[in-house]
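Structure first, commentary second.
The values are calculated or read from the model by the stated rules, or taken from the named source; none is laboratory data. From a predicted model like this one, the values you see are computed outputs, not experimental measurements. Cβ sites come from the backbone with ideal geometry, for glycine too, and all protein chains shown count toward neighbours. The area values use the complete protein model at the heavy-atom level, side chains included, leaving out ligands, DNA and RNA. Shrake-Rupley method; radii C 1.70, N 1.55, O 1.52, S 1.80 Å.
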Amino acid sequence: MSVEDVARAAQVAQVVCDADDEVLFHEERVQRGAHPFAYPALRALRNRAAVRVPGLGVVVSDAATARAVLLDTEGFSKVGPGSPAELWTPVLGPSVLLNMEGAEHAALRRTLAPLFTPSSVRALTATRSARLDGLAEQLLAGERVDLVPVVGEMAGSLICHLVGLGDTGDAVREQLRRAQEIVGLVRLHRRGLTRSQVARARTVLDELSEPARAAYRDGGTDTVPGRMRELGLSEREAMGAVGAFVLTGTETVQSFVPRLVAIAHDAGVLDRLLASATTDRWRGRVVEEALRTAVPTPVMLRSVTAEREVAGVRVRPGDRVVVVTISCCRGAGPFDPSVDSAPAVRQLWFGAGPHFCLGMPLAMAQIDSVLAALAPVAAAGRSVHVVRRTVARRVLIPAYRELVVTA
Ligand code: HEM
């Protein structure tokens, strides 16, 4: 290798390194804006595969250990002390997937699965992404566009349709505001909601799900409540699930898609991403790497149901395990679409095992829709630039409050 080759290699490495610094700089701001104390505290433990933190639980920061926990359904559960069920069952009722286990959980997933096949979600996103129409035209005409409300309305409209809520612009905005009110009550360091928070959340949820009762009573197969009725679940249980889907399915996408655009921009790959074909493997890797870097749901909780050892830490029934997904995923190194993720990390941002994200195909279809809506800008030979961004403060799902782009 000549001196010039070494200098050139160092230059390339510097560009990659600078891009990565830029990606992480902004992502850190997003995370710290949402959780100014819990995030740095949990990240400080990132070099320990598992460690017991009094008052919090056993904190897991290693991908292989996390995957082992999520796959061990005899030893770890989403029901029990310190689990998501403790947080959500008082508000949503007992039958909303994320607080179920065993045969009932599997039966409900099977019943809902047809709503989330790649072809179902493609059809749904194709007809319900009206807010994206004209996005490229606006940008090419020189307008500045804040992507956060654009993505929020698309994600909200799809979920509202899926659960039988009104999906006109105003109705969607109202549903999202209410869902955010409920999610906003949750803090990472608290195990549950106070009695008055539960009462408030139930009132909000009752109002939110009211329009979905018709979908349950009609019993059609194209909505979540209709399919739950088919399975013999009560109207009350179905209305809980309406809330659960609005909570899980909107903020995650609203958080991630603007961050994907920002990460690709900060890494210097946004133009190539927008010009790439949907079948391009590199494009898929960019989206995966952005998911691995952003990790829209930064932690997963489990309650211990049988004695186990978690990376050398003994756990007993009643203990809580806090899987810090963000540390597990970030441990695989900086954003780099040219290197495949290690098997333990692959798709961990969508979970693993029986609770693996049901909405993943819908999330991926929405990501494709937004990239497709921005693609004409690249096709016209123009670049998309992020010109202003503000992080959302004290929210459960880290996100930008605004991400303004121009062409
Ligand atoms: C980028 C977007 C998304 C991310 C990163 C994400 C992430 C996750 C993760 C990590 C889990 C597993 C939690 C655990 O095991 O404790 C999960 C479960 C779930 N997600 Fe998603 N999600 C996303 C979008 C969506 C969408 C659009 C929906 C829409 C309907 C959805 C519905 C669900 C449901 C219903 C579950 C519970 C599944 C079960 O317990 O069986 N998610 N998600």
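What to note about this one:
- Unique residue being more than 23 Å from residue 278 (Cα to Cα) and not aliphatic (A, V, I, L, M) when the list is 340, 319: 319
- Members of segment 323-381 that are out of contact with any Phe, Trp or Tyr (no Cβ under 8 Å at 6 or more places or on another chain) and among the aromatic types (Phe, Trp, Tyr): 335, 349
- Qualifying positions in segment 219-275 - touching a strand residue (DSSP E or B) at 6+ places or on another chain (Cβ under 9 Å) and under 22 Å from residue 157 (Cα atoms): 255, 258, 259, 261
- Conditions (1) more than 14 Å from the ligand (Cβ to nearest atom); (2) open to solvent by 10 Å² or more (accessible area, probe 1.4 Å); (3) aliphatic (A, V, I, L, M): number failed by residue 286: (2)
For (1) under 24 Å from residue 396 (Cβ atoms); (2) in contact (Cβ under 8 Å) with a residue 40 or more places away in the chain; (3) not hydrophobic (A, V, I, L, M, F, W, C), each residue gets a yes or a no:
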{"position": "305", "(1), (2), (3)": "no, yes, yes"}
{"position": "308", "(1), (2), (3)": "no, yes, yes"}
{"position": "313", "(1), (2), (3)": "no, yes, no"}
{"position": "318", "(1), (2), (3)": "no, yes, yes"}
{"position": "323", "(1), (2), (3)": "yes, yes, no"}
{"position": "326", "(1), (2), (3)": "yes, yes, no"}
{"position": "331", "(1), (2), (3)": "yes, yes, yes"}
{"position": "334", "(1), (2), (3)": "no, yes, yes"}
{"position": "339", "(1), (2), (3)": "no, no, no"}
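- Matching residues in segment 378-402 - criterion: being at negative phi and open to solvent by 50 Å² or more (accessible area, probe 1.4 Å): 379, 380, 382, 385, 387, 388, 393, 401
- Residues that are under 16 Å from residue 321 (Cα atoms) and open to solvent by 60 Å² or more (accessible area, probe 1.4 Å), drawn from segment 42-63: 46, 48, 52, 54, 55
- Enumeration of residues in segment 244-282 that are more than 16 Å from the ligand (Cβ to nearest atom) and closer than 17 Å to residue 377 by Cα: 265, 268, 269, 270, 271, 272, 273, 274, 275, 276, 277, 278
- Flag if residue 252 is open to solvent by 20 Å² or more (accessible area, probe 1.4 Å), β-branched (Val, Ile, Thr) and farther than 22 Å from residue 125 by Cα: no
- Across segment 189-213, the qualifying residues are those that are touching a residue at least 60 places away in the same chain (Cβ under 8 Å) and not basic (Lys, Arg), and the one among them that is farthest from residue 92 (Cα to Cα) is 189.
Conditions (1) part of a strand (DSSP E or B); (2) within 12 Å of the ligand (Cβ to nearest atom), marked per residue:
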site	(1), (2)
357	no, yes
363	no, yes
366	no, yes
372	no, no
378	no, no
382	no, no
386	yes, no
390	yes, no
393	no, no
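- For segment 179-187, the criterion of being modelled with pLDDT under 85, crowded, with 23+ Cβ neighbours inside 10 Å, within 16 Å of the ligand (Cβ to nearest atom) and within 21 Å of residue 258 (Cβ to Cβ) is met by at least one residue.
- Flag set for residue 151, criterion: crowded, with 23+ Cβ neighbours inside 10 Å and at pLDDT 75 or above.
- Residues that are away from the ligand (no atom under 11 Å from the Cβ) and of a type in the set (S, T, N, Q) were ranked within segment 96-127; the one that is least open to solvent (accessible area, probe 1.4 Å) is 111.
- Residue in segment 295-305 that is away from the ligand (no atom under 12 Å from the Cβ) and surrounded by fewer than 18 Cβ atoms within 10 Å (Cβ to Cβ) present: no
- When the residues of segment 310-345 are filtered to those that are among the acidic types (Asp, Glu) and closer than 14 Å to residue 293 by Cα, the one that is surrounded by the most Cβ atoms within 10 Å (Cβ to Cβ) is 336.
- Single residue of segment 23-41 satisfying the filter (closer than 20 Å to residue 302 by Cβ and among the small types (Gly, Ala, Ser)) that is most open to solvent (accessible area, probe 1.4 Å): 41
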